[in-house]
Amino acid sequence: MNTRSSWADLAANSAAESTNAGSSVNNGSVGTTSGNAPTRPTYVPPHLRNRAASSDPPVAANSGPASSNDRSGYGGGSRWGAPRNDYRGGYGGGRGGWGNRGGWDRGREREVNPFGDDDETEEPLSEQENTGINFDAYEDIPVETSGDNVPPPVNTFADIDLGDALNQNIRRCKYVKPTPVQRHAIPISLAGRDLMACAQTGSGKTAAFCFPIISGIMKMQDQSAQRPPRGARTVYPLALILSPTRELSMQIHEEAKKFSYQTGVKVVVAYGGAPIHQQLYQKPLVLHGSSSSEIKWSQLGWITVCHVVREVFNGPNASIETIEVLLSTKLPFAIHVQITLLLTDLRELERGVDILVATPGRLVDLLERARVSLQMIKYLALDEADRMLDMGFEPQIRKIVEQMDMPRPGLRQTMLFSATFPKEIQRLASDFLATYIFLAVGRVGSSTDLIVQRVEFVYEPDKRSHLMDLLYAQRENGVQSKQALTLVFVETKKGADSLENWLCINGFPATSIHGDRSQQEREQALRSFKTGNTPILVATDVAARGLDIPHVAHVVNFDLPNDIDDYVHRIGRTGRAGKSGLATAFFNEGNASLARPLSELMQEANQEVPDWLSRYASRPSYGGGKNRRSGGGRFGGRDFRRDSSFSRGNSDYYGGGGSSGGYGSSGGYGSTGGYGGGHGPGVTSAWD
Ligand SMILES: Nc1ncnc2c1ncn2[C@@H]1O[C@H](COP(=O)(O)OP(=O)(O)OP(=O)(O)O)[C@@H](O)[C@H]1O
């Protein structure tokens, strides 16, 4: 049970911890169980910023591949110009030996060191450890695995053969020990097994799927793996990592780039924006174009502009050169940004890619343009897998995974990760997996007890003044600074704009992020929040999942979500990597259906449940049918295959089925009301 004090004290503690802790490091032990440059201000996507100037000295020949994740000199068309057919001339050269990758022949590019430790002097490991992070917090976490021949967990990174270069990057990240999900998931993946893994927010799932992928690709390079001869523009990634939001894809890309530094493994992100022609038709176009060297869009007329831009975005034949010409003209800024993003994706892809990190929408676009082929995919990872397979994304995911040229389950290795895995989604997900291992670290869908959760009854009209009280108290306690950020979740995009505005008017610098903001506004908002310039971020669920923002001390659910899993992800933006955090929720009559799952979740996480919330929870009309948590907090039985209705006579259903089909067909997904719809008649809960 957490020791109680005022929320402001708690936030203050969390802030102090953040300050002390610094970046994501730990020192604790880990649980044992467990030329054509645009003529206007150029929008530069985040993964291209802070690049070293192209005049930087080349990397020493023996320090690994001189290439990879760089795109030096973005903004100048002529500097893009790597000849197309130079791709990986030496790919598969197999010079042997970890960390001495030989497969790259792009010596003129320099891989920017994401760690900023170019002098290569390694501090003794003990001095790198940061004493602020408490990984002992995960010590007693229960771990459950199910499936055939589960490979045993490891205790240290040294116990696993990840390869020298990757191991060195792990040290540079100051990851001293694997977190529980890493201890279990990495050996499973390295053994080539498909995996459905559920572990709490902030517990290191990104590295858990990145390490085996990077290590596997390094080995493939050693083994002189061949890819099909490239078509004019098609690229053949070996691994695909899908995530639901652009910001999360960018973050995974940044992480994966760090892990793959000097391994010879190239990571590219494709996240794009909304289809440009939609914007064109929706918004009046402000036309510029005065210089004689530029196309005068106003003279071309609206229809022509639409036609040209649509061709760029939809036409499979639009060449990069066409796009560059278009970019060199004066376009409205928003369109310029969109085209730049597309150009960025295409250019970067043409330089070659081993691991493609993407949002589903952009990937479908690239597949339809035949810019990307999935036929060489060896690894498929879905981050936030339950979100990726819920009703919003499922058609796109099915298209990518089942209807394009991706190898079938069993011929590729599939890894699904999330902090929550509703039973219905597990059933659906099994379509994408071959005989797989289910791993649960902590209870499926549970929150970490590193987060102190508070629920306050606040009537709708009182919410703003209540929030103001919290923020004033926080300010008085010194808990509002660059080191103590506050993330406020609201239900609607309009609500986010209006609350942001109101906070600013009232002297609290705030920004907002939601789906109606442009890509550059979203990125700017996130940057401003991360740097503490605006220490309050008002967000819709677009920021609920995956984002790893250091120093978030307090998450406020100004509007509670309808689904308890969304709540779990939202509060998980604090209390990450062993640090503590605070989450406050404003509850009122309108949230009554959440009362039972919320009070159960809080109990499981050893939180104080207010009496009034318990009374709401015990009302028979609330929470019954939709409560996926019914049955309390007993650990075990999370794998939906353990549900008796999925067993097939005496056969061992963990071993059966092989590839697709199988489990999914027996359960009738969709007929029970789909995601969040509770259990069908006669079905034993897999959540008990
Ligand atoms: N072994 C490790 N040692 C120290 N820090 C680690 C380790 N593994 C991961 N981290 C850090 O922990 C933080 C959380 O990791 P990550 O973002 O992968 O969590 P997650 O489980 O994916 O969370 P979410 O469910 O919210 O997506 C990151 O800052 C990461 O750098």
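Find the centroid of the Cα atoms in region 355-386 and in region 140-189, then give the distance between the two in whole Å.
For region 355-386 versus region 140-189, the Cα centre distance is 26 Å.
Using alpha carbon coordinates only, what is the Rg to Rh ratio of region 538-581, with Rh defined as the Kirkwood radius?
The Rg/Rh ratio comes out at 0.93.
Given region 378-508, what whole percent of its Cα pairs are spread farther than 18 Å?
Here the tail beyond 18 Å accounts for 68 percent of pairs.
Just subtract the alpha-carbon distance of ARG615 and MET391 from 0.36 nm times their residue separation and send over the number in nm, one decimal.
Numbers: separation 224, 0.36 × 224 = 80.64 nm, distance 3.27 nm.
Going from the current span to full extension adds 77.4 nm.
Largest first and in whole Å, what are the equivalent-ellipsoid semi-axes of region 451-618 based on the Cα gyration tensor, each being the root of 5 times an eigenvalue?
Value: 24, 17, 16 Å, ordered largest first.
Rg(Cα) of region 504-545 divided by 2.2 N^0.38 Å?
Cα Rg divided by the expected 2.2 N^0.38 Å: 1.09.
My understanding is that a pair violates if its Cα-Cα distance is over 27 Å; which of LYS494/LYS530; LYS174/LYS493; LYS463/LYS493 do that in this structure? Walk me through the intermediate numbers first.
Numbers: LYS494/LYS530 23 Å; LYS174/LYS493 38 Å; LYS463/LYS493 17 Å.
Long pairs (Cα-Cα over 27 Å): LYS174/LYS493.
Bear in mind that the values in this text are calculations on the coordinates, not laboratory data. Since the structure is predicted, the reported quantities are computational estimates derived from the model, not experimental observations.
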